[in-house]
Amino acid sequence: MGDSVWARLDREPRQGLSVRRIVRAAIELADADGLAAVSMARVAERLGFTTMSLYRHVRGKDELLLLVVDALAEPPACLAEPFDGWRAGMERWCREHLAALRRHPWVLQVRPSEPPSTPNQLAWMDHGLRVLEETPLPAVDRMSVLMLCTGFVMGQARFAADVGAEAERAYGATLDRAVDAGRYPALRRVVDAGAFGAGGADEEHDFTFGLARLMDGVESLVRERG
């Protein structure tokens with residue numbers, strides 16, 4: 001696809017059908033009915049145009065999904081604000097990344113055909129790497145830390161999208177019935193302590209706990225390198 005799609009965005013008309021209108025319509029469809037609902041025909045119908053008219057702006061569904069991913073990856077303005085040390089900066093980066101994925105969890109179903117390379121995806125990476133420049137870590141380690149953080153955030157978002165709080169509570173009830181103290185004593189003690197279901201660890205607790213442990217590990221590496 002090269003740079004042509006981004007060049008076309010720069011030449012957008014102010015009126016009528018445009019790439020941005022097509023992308024917004026695709027996002028609205030996915031928000032309402034899920035990613036499977038997004039097709040060139042459905043987007044055209046939503047906009048009141050023929051399907052063929054969309055192809056004058058977007059070359060096909062693959063390009064449309066690439067544009068959708070880029071639109072949803074626009075970094076929030078707060079990432080450009082000052083931060084109090086690299087750890088606070090990375091925690092903010094991770095939390096904002098998770099918030100963006102939670103707003104449109106279906107975007108996790110889009111399977112990338114290539115590594116992140118759209119303008120907004122690159123901007124997210126750049127923000128994170130600028131934070132990590134506050135550390136003594138060499139460039140290769142800064143990139144590895146960023147990928148580690150990205151994997152953690154995406155894993156948390158996928159778990160929440162696939163399982164959800166209700167399903168996790170139901171799982172806790174299932175364990176309460178199924179776990180025999182004689183066969184699974186350690187698991188039984190955790191179940192009895194309320195680690196599942198009402199009163200147990202929730203989605204936000206799990207994220208905060210994991211993020212803190214992740215940052216502890218990076219901080220240890222920073223001290224070692226420093």
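Structure notes:
- CD proxy at 222 nm, helix term only [per DSSP H run n ≥ 4: -39500 (n - 2.57); per residue of the chain; nearest 500]: -21000 deg cm²/dmol
- Label-to-label distance, nm, for residues given as Arg102 and Lys61 (7 Å Cα→Cβ offset): 3.1
- Net +/- balance of residues flanking Glu28 in space, Cβ distance below 14 Å, scoring K and R +1, D and E -1: +3
- Using the Cβ-Cβ distance between Ala37 and Leu17 with R0 set to 22 Å, the FRET efficiency from 1/(1 + (r/R0)^6) comes to roughly 0.65.
- Along the chain, longest interval not containing exposed trypsin sites (Lys or Arg not before Pro), exposed being DSSP loop plus at most 12 other Cβ atoms within 10 Å: 57-182
- Extension gain from His205 to Ala7, taking 0.36 nm per residue of separation minus the Cα-Cα distance: 67.0 nm
- Extending 7 Å from the Cα toward the beta-carbon at both Glu28 and Arg169 defines two label points whose distance is 3.4 nm.
- Summing +1 for each Lys or Arg and -1 for each Asp or Glu among the other residues whose beta-carbon sits under 11 angstrom from that of Met215 gives -1.
- Restricting the chymotrypsin sites (Phe, Trp or Tyr not before Pro) of the range 17-120 to loop positions (DSSP other than H, G, I, E, B) with no more than 16 neighbouring Cβ atoms within 10 Å leaves Tyr55.
- Theoretical FRET efficiency, 1/(1+(r/R0)^6), r = Cβ-Cβ of Glu133 and Phe159, R0 45 Å, to 0.05: 0.90
- Under the span-like rule (Cα at least 18 Å along the axis, Kyte-Doolittle mean at least -0.5), DSSP H helices of the chain: 19-33, 119-132, 139-162, 203-225
- Two-site FRET efficiency, Arg177 against Glu114, from Cβ-Cβ distance with R₀ of 45 Å, rounded to 0.05: 0.45
- When the charge dipole of the range 88-159 is built from unit charges on Cβ atoms (+1 for Lys and Arg, -1 for Asp and Glu) and taken about the Cα centre, the candidate among Leu137, Met125, Pro105 whose Cα reaches farthest toward its positive end is Pro105.
Quick note: the coordinates plus some simple rules give every number you see, no bench work behind them. Not measured: the values here are computed from a predicted model. All Cβ positions, even for glycine, are placed from backbone atoms using ideal geometry, and neighbour counts span all protein chains on display.
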